[in-house]
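So the structure is just underneath, and the comments pick up after that.
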Amino acid sequence: VAAYTGRVKLQVIARPDLGQRLGLVTDAGIRDLTATTGARDVGELLASGRQLTTDDAGKLIDPDSAELRAPITRPGKIICVGLNYHDHCREQGIQPPAYPMLFAKFGNAIASPGQPVVRPRATEKLDLECELAVVIGRRVSRIGPEEVPAAIFGYTILNDITMRDLQHEDRQWLRAKGSDGFAPIGPVVVTADELGDVGDLRLRSSVNGETWQDSTTAEMIFDVPTLVAFASRSITLEPGDIIATGTPAGVGHFHDPPRYLHHGDLLRCEIAGIGVLENRVLDELPRADDHAAAAGVAELMELAR
Ligand code: MG
């Protein structure tokens, strides 16, 4: 059995008659890996420890009525990095941090390509952040930067959806960035050797076709080996864990005047060599003038009294 070199793109799709399937993206179409491996997403494949071989490439799946799904449905961890681009620090007029600023999202935040991003009643300042996301391939702890390439399975795109009003009021970012569906990922996971050097990849985002972000990973303050090694000092990384590596300049909050996302807006995040991740904003209704009241803060505090 010839082994795959590892240079593959993996995609997860769902079809009403087949359910969710892990697919191998080929020139001929998507081949069914769930039939041959039992894994229904990239996370399950990595957790199984199974190495893909050419024998695993199942039949072509008829793409009719198939929908894209998040390539990793239930990551054990989503570790995010704040303030990791020089141009993003410059647009805020702040100094780059001395070491990586880590925060977390949870599995509830995962959303699929094409799935609506619901704008909660709790915000009037919804924003996007296009980010390169690392997919961990093996269990590692306290590794050095030189050991990081062997720990990485591949890469995808993550849109770090953020409520700027809550981000500032809460002074930490759990609600602002951790709400349901605030981490759309996809459209594929590209293996590290297929993607190649990630030191100068073009990242772009747009809203309704208008460019917001257009930068490169060369603007990163801490590169991928440094970020992964740093995180592993405190947190054991597991197969299928995701590390979102921060966002470049151009997010709506730092436009002059600031701009935010509204019902119907089409969000597009693109990274060279990975693809395009699109989601549309859908308002939670009814809207409220007072976002704090809408978030239930006043009501809950009254009840607690
Ligand atoms: Mg971010």
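Listing for the model above:
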{"item": "Local electrostatic count, CYS130, Cβ distance below 10 Å [Lys/Arg +1, Asp/Glu -1]", "result": "-3"}
{"item": "12 Å reach of a label modelled at ASP256, 7 Å along Cα-to-Cβ, counting backbone N of the range 89-103", "result": "91-93"}
{"item": "Built amide H within the under 5 Å cut-off of ILE110, gap 5+", "result": "GLY181, ALA183"}
{"item": "5 angstrom amide H check on VAL117, placed H, neighbours 5+ away", "result": "ARG280, VAL281, LEU282"}
{"item": "The range 79-150 shape via C-alpha gyration tensor axes, a/c threshold 1.5", "result": "oblate"}
{"item": "LYS105, LYS125, reordered so the largest accessible area comes first (probe 1.4 Å)", "result": "LYS125, LYS105"}
{"item": "With every protein chain in place, the chain: carbon and sulfur % of accessible area (1.4 Å)", "result": "51"}
{"item": "Charge tally in the Cβ shell below 10 Å around GLY250, where Lys, Arg are +1 and Asp, Glu are -1, GLY250 excluded", "result": "-3"}
{"item": "Computed label-point distance, nm, for sites ALA293 and ARG50 using a 7 Å Cα→Cβ extension", "result": "5.5"}
{"item": "Solvent-accessible area per residue for the chain (1.4 angstrom probe, square angstrom)", "result": "46"}
{"item": "Trypsin sites (Lys or Arg not before Pro) within the range 166-229: DSSP coil, no more than 13 neighbouring Cβ in 10 Å", "result": "ARG171"}
{"item": "HIS88, HIS291, reordered so the largest accessible area comes first (probe 1.4 Å)", "result": "HIS291, HIS88"}
{"item": "In the range 27-65, trypsin sites (Lys or Arg not before Pro) in a DSSP loop with at most 15 other beta-carbon atoms within 10 Å", "result": "ARG50, LYS59"}
{"item": "In Å², nearest 10: area of THR236 left accessible to a 1.4 Å probe", "result": "50"}
{"item": "Cβ-defined net charge surrounding ARG15, 10 Å radius [Lys, Arg +1; Asp, Glu -1]", "result": "-3"}
{"item": "HN-Hα J in Hz across the range 227-242 - Karplus 6.51, -1.76, 1.60, θ = phi - 60°, x for Gly and Pro", "result": "5, 5, 4, 4, 4, 5, 5, 10, 10, 5, 8, 10, x, x, 5, 10"}
{"item": "Cα-projected label distance for GLN92 with ALA35, points at 7 Å along beta-carbon direction, nm", "result": "4.9"}
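The values are calculated or read from the model by the stated rules, or taken from the named source; none is laboratory data. Please read all numbers here as calculations on a predicted model, not as lab measurements. Cβ: placed from backbone, ideal geometry, glycine included. Neighbour counts: every protein chain shown. Only protein heavy atoms, including side chains, enter the accessible area calculation; ligands, DNA and RNA are left aside. Shrake-Rupley method; radii C 1.70, N 1.55, O 1.52, S 1.80 Å.
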